[in-house]
Every structure is written in C-alpha cells, then in structure tokens.
Amino acid sequence: MGVTAVLLVAAALFAWGLVSARLERADLTAPVVFVALGVLLHRGGLVDTTEGPDAITPLVEVTLVWLLFSDAARLSLSELRADIGRYLRLLGIGLPLTIVLGSALAAWLWPDLGLWMALLVGAALAPTDAALGRPVVTNRVVPSRIRQLITVESGLNDGIATPVVMFAIAGAAAAAGLQGAESTGRALVTLILGVMVGGAVGALGGWLLRHARRRGWAAEDFSGIAVLALALLAYTAAVATEGNGFVAAFCAGVGFGALAGRRGPAELVFLDQTGGLVSLLVWCAFGAIAVPIMLERLDALTVVYAVLSLTVIRMLPVAIAAVGAGMDRRTIVFIGWFGPRGLASLLFALLALEALGSVADEVVAIIAITVLLSVLAHGLTSGPLATRYGTIASHRTWSEDTSP
C-alpha cells in the first residue's frame, strides 16, 4: 500500500469519526463504508493485490483474537441469568442446527465439495457479527433484553464454532492428502490445549492485574494496553504449545472476566477501541483485495446459497430454538434476520485458504460472497428495521421478556 492509499485511509478514519453518528442515522454502517473504500482503492490502482487474500490473514487473525477475548471477558452470569434459557437455546440448538443446515445445503448444491468441505462452509458461516448490525444493538428503541440477546449470541457463537471449523479444515486436509495435514484426532488435541492454555493465561492475567491495582502498582492509563497484550499472549502461548490460538483467546477472555474484578470491564475499553480500528482496516483490505477476486468467481449458484444462508439457514434454526421461549413471531423474525456474517467468517475462509491452498478456492468464494452480501444487506437494513421494530414494540403490551 502506497503513501496515497495510507493517506486516504487515514482521512477516511478521521472523517468517519467526525460524522459517524450522522451517517449511521442515514443507514450507512462502518463496514459498508470501508469495504466501498477498499474497492475504490483497488479500482484506482492504489493497492497491490498480487499477493491475494492471504495477505490480510495476519491482520484478520489479530482482530479476531481481540474480539474473541473482549466478547468472552464481558460475560457476566449474574447479569445474564434472567435470559440464560434463551441464550442456551440459541447457542445450544440454533447454532448447531445452522451448521447442519448450512453444511447440508452446501453438500447438495456442490456434490464435489465432499463432506468435510461442506462442513467447513456450514460452520464458517454460522457465527454472527453484531458489529455489522450496530444500529440494532445500540438503538434504545429496541427492547434492551432483545438487544442483549443478539449481542451475547454474537459474542459467543464464534468461539463455539471455531473448534468445528478447525476440525473441518483438518478433515479436509487429510481427505485431500495434503502433506503435513493434521489428523482430526490431532485437531481435537489442539482444541483441548487451547482451552487449557487460554483459560490459565487469562485467569492468571486477570488475577495479577487485580492484585497489582490493589497494591497501587498498575497505572490506570496503561492497564488497557496490558489487557490488549494479555489477549495476544494467550493466543501466542497456545500456538507455541501447538494448541488452538483462537479457542485460547476466547477462553482467556472468560478467565480474565472471572478474576479481573470490578475494574475489568473498564480495562476492556482500550481493547475494544483498538479492535474496532483494526476491524475497519480489515474491511478496507477485504474490499481492496478479496472482493475483486471474489467477483471473478461469482455465479448464480453461489448467490443462491448466500441468500439462503442469510435467510432460511439462519432464521429457521432461530425459530426452532425459540419454541417455548415466550417470544412472539415478530421478535423471532427480527432476531433471525439480524444474524450478519462478518469478521469470524472471513477469518475462517482465510485460514482454510492458508491450510488447504487452491483446494479451498470454491469454499473461500462461497464464504466471501456471503459475507459481502451480509455487509450490504444488514448494513443497509439494520437502522430502519430496528427503528420500526422498536416503535411497534413500544406501542404494544409486551411481556416482561421483551420490555425495554
């Protein structure tokens, strides 16, 4: 990336900071804007795209590590206890059904993919990204418990789907006979190591930081940086011990949140801001590098899958999981629609490309096209539909479960 491209990206970041609230009210979200900026940079010949999508893999990996850690660290069972049944339904019933349906549809539409590749598609596109529907989770017109339900689901499902994705990649590599391919048994061991190492690093880090605060050793203005480093430490420690780094990052967040004390949430602010900045760079790189390549492979069958993945494959499992949960049909449809695919799905595609090479080209194209469609569809509809749903909710007699 040349100086001119860096200048334009920096200017866009500053401009977004100036007018972000106004643009979001006009139904433009940050991912939509920065994907478009990336496409414009590519069209203007300002970025080098010869290295392909794998060039942005390290950036996406770091971003996902921070997001997984932050999402997990914010979990509070005491605050979530009132809706714990709904969270368990969405994550324990809805998520597995989404993976199964997505995999089955991929296997049916592309018989040559094989079961492992089909599972990879279904699992990679199962996690949701609340950041793409930010106007939904920040719009106070929408009942607070519905907003929290969407946020918690998004925060947890990528961590839950990660082991399935890694298992599918290992199975696909073994089936393709790739040299150095990891067996499915070995993949399971790496997941277990990730849980152990990540949980230990996060819990120890949270305890040490709380202890240092009590003794006055830790400066307030550096604690956020320490937490950011702790997330990377958990990831790299797991990788160094041949464990799964992403599972480790998520478990480290859980451990940190459990032992960091009352100041823990405040110490995540810097991590959230840094992750937000890097995620915008990822979307810009996605628009500049991945979108042009992806559009060359665009066909009607992939678009059909993408549409079904964002609608039926997502909404049907949510509806099944919501049976008996005390939510009306309008709420179920609302939650079902706002399951955007984002950074986690993009990273899973890049990891598949890195591990499987050209064998994964078709899978990567399917995932990338679905993500791009989600960026556009959810980015443009999140504001209007959230306002409409929230307005209707405020004029009806809702049960306690959906009250603002």
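Just so you know, all these numbers are worked out from the coordinates, no wet-lab data involved. Here the structure is a predicted model, which is why all the values come from computation and not from measurement. Cβ sites come from the backbone with ideal geometry, for glycine too, and all protein chains shown count toward neighbours.
Given a Förster distance of 51 angstrom, what is the FRET efficiency for Trp108 paired with Leu13, based on the Cβ-Cβ distance and rounded to 0.05? E(calc), rounded to 0.05, equals 0.75.
Shape summary: the chain maps onto an equivalent ellipsoid whose semi-axes, from the alpha-carbon gyration tensor, are 28, 27, 24 Å in decreasing order. Beyond 20 Å, how much of the Cα-Cα pair distribution for segment 205-292 remains, as a whole percent? In whole percent, the share of Cα-Cα pairs in segment 205-292 beyond 20 Å is 44. Here the calculated FRET efficiency for Val303 and Arg329, from their Cβ-Cβ distance with R0 = 35 Å, stands at 0.80, rounded to the nearest 0.05.
For segment 165-322, the alpha carbon positions stretch 62, 39, 34 Å along the principal axes, listed from largest to smallest. Translational diffusion coefficient of segment 258-404 (Stokes-Einstein, Kirkwood radius from Cα pairs, 10 °C, 1.306 mPa s): 88 µm²/s.
Between Val3 and Ala21, residue separation times 0.36 nm minus the direct Cα-Cα distance comes to 3.6 nm. Every helix of 4 or more DSSP H residues in the chain counts as -39500 (n - 2.57), and over all residues that averages to -24000 deg cm²/dmol at 222 nm.
3J(HN,Hα) couplings calculated from phi for segment 144-153 with the Karplus curve 6.51 cos²θ - 1.76 cosθ + 1.60 (θ = phi - 60°) are, in sequence order, 4, 6, 6, 4, 5, 4, 5, 5, 5, 4 Hz; Gly and Pro show x.
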